[in-house]
Structure formats: structure tokens, C-alpha cells
Amino acid sequence: ICWLQQSWSRRFCAGAHDGETRDGTRGLTHVDEKGRPQMVEVGSKQVSQRVATASALLWAPDEVMSLLDQSTGEMQGRKGPVIATAIIAGTMAAKKTHELIPLCHPLMIEGCSLEAERVGKNELKLWCTVRTSGKTGVEMEALTGVSVAALTVYDMCKALSHDMVIKETRLERKTGGKSDFSREQREL
């Protein structure tokens with residue numbers, strides 16, 4: 001097992017913190033040459049505007065979706081306004097990502113916005129967009145924010161039904177840093 005771990009580490013772990021292995025291929029930046037977890041060194045990176053948007057899709061039965069007021073976009077549940085509470089929870093989670101995911105850097109988030117929209121008879125889509133000027137991206141903050149927002153909708157509506165499914169939580173796009181990403185471009 002030690003030989004396998006060492007062999008794997010030499011091939012896939014980045015020793016130079018830039019994501020490249022010794023043979024020039026992409027590697028895991030959060031693992032050192034010995035296979036141990038490490039926080040990525042960002043001291044030499046340039047500060048740039050970083051923006052990331054993540055989404056989650058929540059399927060819910062009719063009794064839950066009937067709470068949605070089409071004119072306001074809000075769901076009034078027994079515990080209070082569902083969407084408004086999910087927005088607050090998602091924002092709080094994005095700000096605390098570094099406390100939840102061990103190797104994330106603490107970031108000064110400059111903006112965080114969440115939205116929710118009914119996209120089908122029984123589906124609610126949530127988006128979280130996070131912005132900062134920094135040396136590392138905000139993808140994990142956007143993913144954490146939208147995940148906790150979806151969990152909050154579940155929590156506030158479970159008195160009506162436990163038959164809800166949170167699915168397709170994913171990064172939609174990111175800008176800033178070494179490379180940009182857009183799911184829309186990838187799916188064309």
C-alpha cells in the first residue's frame with residue numbers, strides 16, 4: 001500500500017503548488033508529494049476580480065410547490081418565508097466556507113447574491129453568485145452557498161413532505177485567475 005501511495009503521489013500530486021506534476025500534467029493542488037493534504041500557496045498569485053456562480057435543482061412534490069406565490073417568488077411556510085430564509089442561510093454559508101471545508105482559504109467576500117426560480121412543475125432552481133478581488137477563486141463559496149440554500153428550503157418545507165430531492169448542484173461559471181469556466185460553453 002505504501003508503494004501504491006508513493007507511486008500515486010509522484011504521478012498526481014503537485015509539488016510546485018501550481019497544479020502541474022513533474023511530468024507537466026495537471027495534478028491535485030491540495031495534496032503534497034507524499035500524499036498529505038496541504039493548503040495551496042497563493043502568495044505569488046496576482047490579485048484579480050473573481051466571480052463564481054453555482055446552481056442547485058430541488059425537486060419537490062405538489063404540496064410543497066403549492067406554497068410558491070408566482071407573483072412574489074416567495075414560499076410562505078410554517079416556519080416563515082422560505083426563499084428569504086434560504087437567501088440569508090446561503091449568504092452566511094458562503095462567508096463561512098473556510099470553516100466548513102478544511103483547505104479553503106478565508107476570503108473577504110465582496111458580494112454574494114442568491115436567486116430562486118420555479119423551472120418546472122415540481123422543480124425549484126437556486127443560484128448563488130459570489131464575488132471577490134483576491135488571489136484565489138470563490139467557486140467553493142458559491143457551491144457552499146447554493147447547497148445550504150437548498151438545504152434550508154428542504155428544512156423549512158419538510159413538515160409538508162420529506163419527499164424532496166436536492167440534485168444537480170454544480171458550478172455554472174467562474175471568471176478570474178488562470179482560467180475561466182462556463183458550463184454553457186461546455187454544453188454547446
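Of note:
- Any helices (runs of 4 or more DSSP H) falling wholly within the range 51-154 and containing at least 3 residues that are under 23 Å from Arg173 (Cβ atoms): 82-95, 97-100
- Failed item, numbered, when Glu141 is tested on (1) charged (D, E, K, R); (2) open to solvent by less than 50 Å² (accessible area, probe 1.4 Å); (3) over 12 Å from the mean Cα position of the chain (by Cα): (3)
- Pairs where the first residue, in the range 161-188, is within 30 Å of Asp62 (Cβ to Cβ) and the second is at pLDDT 95 or above and part of a loop (DSSP other than H, G, I, E, B), C-beta under 6 Å, 6+ apart: Ser161/Pro61; Asp163/Pro61; Met164/Ala60
- Among the residues of the range 145-164, the one identified as exposed (fewer than 14 other Cβ atoms within 10 Å of the Cβ) and in contact with a strand residue (DSSP E or B) (Cβ under 8 Å, 6 or more places away or on another chain) is Ala159.
- Subset tally (residues that are open to solvent by 20 Å² or more (accessible area, probe 1.4 Å), within 16 Å of Glu117 (Cα to Cα) and touching a residue at least 40 places away in the same chain (Cβ under 8 Å)) for the range 69-92: 4
- Residue check for Glu123: of a type in the set (Asp, Glu), at positive phi and surrounded by fewer than 20 Cβ atoms within 10 Å (Cβ to Cβ): no
- Tabulated pairs, the range 121-135, first in contact (Cβ under 8 Å) with a residue 24 or more places away in the chain, second of a type in the set (Asp, Glu) and assigned to a strand (DSSP E or B), C-beta under 6 angstrom, 6+ apart or interchain: Lys125/Glu117; Trp127/Glu115
The values are calculated or read from the model by the stated rules, or taken from the named source; none is laboratory data. What you see is a predicted model, and the numbers here were worked out from it, not measured in a lab. Every residue, glycine as well, gets a Cβ built from its backbone with ideal geometry; the counts of neighbours run over all protein chains shown. Keep in mind that these areas ignore ligands, DNA and RNA; they rest on the heavy atoms of the full protein, side chains included. Shrake-Rupley method; radii C 1.70, N 1.55, O 1.52, S 1.80 Å.
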